[in-house]
Amino acid sequence: MITGKNYIGNTLKASGKITHKTSNPKLNIENPIPFYEATDDEVDEAVKLAWSAFKDYRKVSGQKRAEFLNTIADQILALDQELIDIYTSESGLPEGRAIGERGRTIFQLRSFANLVSNEDWRENAFDAANPDREPFPKDDLRRTSIPLGPVVVFGASNFPLAFSTAGGDTASALASGCPVIVKVHEMHSGTAELVASAIVKAIEKTGMPNGVFSNLMGRGKTVGKALVEHPKVKAVGFTGSISGGRALFDIAAKRDEPIPVFAEMGSINPVIITPNAIANRAEQIASTYAGSITLGAGQFCTNPGLILTIESNKTQQFIKDLAEKTVAIDAQCMLHQNIKEGFVKQSKSISSQNGAEVVAKITGPLEDNYAPSQILSVSGKYFLANPKLHQEVFGPFSLVVRAKNETELIEIINGLEGQLTGTILAEKEDYSNLHDIIDALENRVGRIIFNGVPTGVEVCPSMQHGGPYPASTDSRFTAVGTNSIKRWVRPVSYQSFPNELLPVALKN
Ligand code: NAP
């Protein structure tokens, strides 16, 4: 049952007076339950509990943490249809997506359980002593990774399960030995509370310390800010807008003790299509990309928002086909009225720029929160001259740029801000000419896709989901896949330590 209260550790509390309600974007109505914003005292209590839980939790064995994560997964599954119903009523996303995203959330939890059931993930290093070394003897040195401390996770609006309360950030932080305090995304507070109840049940069943997890509701500028400023918080995970991520990064940098903020933010995910690929399979590319651009109403950080081509008659025909196929797909409901309004504003701003042409757009009356998909086109010259055209439009939108030649195309890639992904669509006969494009992309993106689509992010050890700023605040780390655990640990070396005093991971 949803109460509208915050979990401060394992206890439901709501001593504040400020409330908000979620909305059902499909029906365009408010959902009935009021949710209570956490007060300053509740924020402080949650962080202090997390800090005291950290003392024990950091020592809990990998096997026990694995059991905890697997029990969270079991408890989420036990929520069954109640979770699916609240998810769809708060997000406007269809039931199939809810079930798919729950599957991914469970998979992530179990993947991290599997990862930490032995100590290899810590990448321990051992250097044996050498008492006979000249001119000085060498000491025994061993290095391991230890958890940072309480982590604040901001729930993402576009992944109410997989990047929210028990999503990838929470799963990886708990796996590493860090307590987690979630700042719920207000748009799906009910979904968050239900998932939090599953985590609390798992804490009780597996005997984890009270405070290892808290779930706080409220606004970013009050609850979110207070959490990031709290001296006992040691790291932050975030998925959302550039302005939100940057604001939190700046707050963290201004603390007496600055802490890392791992923010995954905007990306337009450039796709390069060679003239040979257009000549050989324009129709197939247009169909595949119409699907990728409109997937989930375009509300993915990997949405292909920028398509780079080289000007020709065939390219013009391809752009027309892509646009027609995109707008032939039914309009879909967006996550929230604000996100729909943002989409309309951002797409209008791009279409009003010099040289930008709307090739096709869904017109006619649409239900309130449904997005009119659209494809725009612009020459390379105008694109290069105007950074406004480089901005993300969050929704079913893509801008096709017609470069005059390959030199201009590479200049365009070099001029882009950091991106999560870059994609190359090319033919075998292009291979010997692709090195400059690959070099340019390597400097701008975190993942390069060959003859595929950027949407769809595999959860596995080799995944890189992060890129140069502003795609993320630290391009050395990933937000997806088991490697994301590295965000929450730091290395410590032990020199000349007696075996009995070494941490378990480093003993002989
Ligand atoms: P958001 O506005 O960045 O909000 C994400 C979280 O950060 C929310 O909990 C929010 O709290 C908090 N926050 C935002 N600004 C803050 C600030 N200045 N100080 C403290 N906390 C702050 O993102 P959103 O609500 O998910 O979506 C808004 C827009 O972000 C979208 O329309 C889209 O353009 C973009 N977006 C991009 C991606 C991507 O992956 N590229 C994903 C999601 C969204 P409040 O809700 O209280 O502000």
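Do the sum for the chain: with -39,500 (n - 2.57) for every DSSP H run of n ≥ 4, divided by all residues, what is the mean residue ellipticity at 222 nm, to the nearest 500 deg cm²/dmol? Mind showing how you got there, number by number?
Values: 14 runs with 188 residues, N = 508.
After summing the helix terms and dividing by the residues of the chain, the value is -12000 deg cm²/dmol.
In terms of Cα atoms, the Rg and Dmax of region 373-424 work out to 11.1, 31 Å. The antiparallel fraction among DSSP beta bridges confined to the chain stands at about 40%. Evaluated at q = 0.09, 0.12, 0.18, 0.22 Å⁻¹, the base-10 log of the normalised Debye intensity for region 194-300, with identical point scatterers placed on the Cα atoms, takes the values -0.46, -0.68, -0.98, -1.18.
Please report Rg over Rh for region 377-499, where both radii come from the alpha carbon positions and Rh follows the Kirkwood definition. All intermediate terms of the calculation are to be shown ahead of the outcome.
Numbers: Rg = 18.4 Å, Rh = 16.8 Å.
Result: Rg/Rh = 1.10.
Rounded to the nearest 10 square angstrom, His230 shows an accessible area of 20 square angstrom against a 1.4 Å probe. Of the two radii for region 13-82, the radius of gyration is 1.12 times the Kirkwood radius, both from the alpha carbons; that is the Rg over Rh value. Could you state the number of Å between the C-alpha centres of region 219-297 and region 302-341? Using only Cα atoms, the two centres lie 20 Å from each other.
With respect to the chain, whose longest principal axis is taken over its alpha-carbon atoms, helix 189-206 is tilted by about 30°. Converting the Cα gyration tensor eigenvalues of region 328-441 into ellipsoid dimensions via √(5λ) gives semi-axes, longest first, of 30, 16, 13 Å.
How big is the C-alpha Rg of region 58-124 next to the rule-of-thumb value 2.2 N^0.38 Å, as a ratio? Don't skip to the answer; put the middle values down first.
On the way: Rg = 14.8 Å, N = 67, 2.2 N^0.38 = 10.9 Å.
With N residues counted in region 58-124, Rg over 2.2 N^0.38 Å equals 1.36.
Normalised per residue, the accessible area of the chain is 41 Å², obtained with a 1.4 Å probe and no contribution from ligands, DNA or RNA. Helix 95-116 axis versus longest C-alpha principal axis of the chain: approximately 40°, rounded to the nearest ten. Using C-alpha pairs under 8 Å with a sequence gap of at least 6, the mean separation divided by the residue count of region 270-450 gives a relative contact order of 28 percent. Binning the C-alpha pair distances of the chain at 20 Å intervals from 0 yields a P(r) profile of 23, 50, 24, 3, 0 %, listed from the shortest bin outward.
The C-alpha atoms of the chain define a longest principal axis, and helix 80-91 lies at about 50 degrees to it. Computed across region 81-213, the Kirkwood radius stands at 16.9 Å (inverse of mean 1/r, all Cα pairs). To the nearest 10, the accessible area of Glu101 is 10 Å² with a 1.4 Å probe. Here the accessible area is traced with a 1.4 Å probe on the protein chains. For the chain, carbon and sulfur cover 51 percent of it.
Of the three principal axes defined by the Cα atoms of region 442-508, the extents in descending order read 53, 22, 17 Å.
Calculate the translational D of region 17-175 in whole µm² s⁻¹ from Stokes-Einstein, where the hydrodynamic radius comes from the Kirkwood formula applied to all Cα pairs, the temperature is 20 °C and the viscosity 1.002 mPa s.
Numbers: Rh = 18.9 Å.
In µm²/s, the coefficient is 113.
Quick check on region 270-450: of the DSSP beta bridges with both residues there, what percent are antiparallel, nearest 5%?
Numbers: 5 of 27 bridges.
Around 20 percent of the beta bridges assigned by DSSP in region 270-450 are antiparallel ones.
The values are calculated or read from the model by the stated rules, or taken from the named source; none is laboratory data. Predicted model only: the values in this text are computed from it and were never measured. With ligands, DNA and RNA removed, areas are computed over all heavy atoms of the protein, side chains included. Shrake-Rupley method; radii C 1.70, N 1.55, O 1.52, S 1.80 Å.
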